[in-house]
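Scroll down for the structure; my scribbles are underneath it.
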Amino acid sequence: MPSLPAARISHFTARRLRIKVPEKRRNAVFFAAVAERLAAWDSVERVETNPLTASVLIHFSEAAFGDSSEPAVTQAAVRSFQTADDVLRRWTANQIDMRGVLFVLLLAGSVFQLLRRRLDAPAPTLLWYAGDLIGLWSDRRPDPAITASSGPVTGQTG
């Protein structure tokens, strides 16, 4: 069996992948075989090849990524963060969560940078991230489920 040609990924998005196979440039038979094989995959919606540019463009179907539009890396990161948050809450009897820990770490880092007189980027950036983490920079309204469970606010009827 002959060895496979060297290929490289030249472009990748959530639904498309472009692969270049320079050593097979102008080989129409090779690119036709690649297109035929890839088109048989369930997760592939369409395959476009161009022997002149030595390019294979693969369009993936929705089924390739499930029902979510988020990349797999993002989903994995969210799951890891959620797992760590669950463990931390369990260990501290729900007194500390991951968001609070990150806020304290970012705040401590920014204070440390301020004490080092690093006012150009690190301190303000860390302070910005810490403030964003607790919602200082957004106009988010309080969660209705939380405010409802805490009882009426002074001066509020109902």
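Since every read-out is calculated from the coordinates, none of them should be taken as a lab result. The structure displayed is predicted, hence computed values, not measured ones. Quick reminder, even Gly has a Cβ in these numbers, built from the backbone with ideal geometry, and neighbours come from all protein chains shown.
Couple of notes before you dig in:
- Put in order of Cβ neighbour count within 10 Å, fewest first, the listed residues Ser61, Ser110, Ser3, Ser80 become Ser3, Ser80, Ser61, Ser110.
- Three-way shape call for segment 8-65 based on the alpha-carbon gyration tensor, with the a/c threshold at 1.5: oblate
- Inter-probe distance in nm under a simple model that places probes 7 Å from Cα toward Cβ, at Trp41 and Asn94: 4.5 nm
- Under the simplified labelling scheme, the Glu62-Arg116 pair shows an inter-label distance of 4.9 nm, with each label point 7 Å from Cα along Cα→Cβ.
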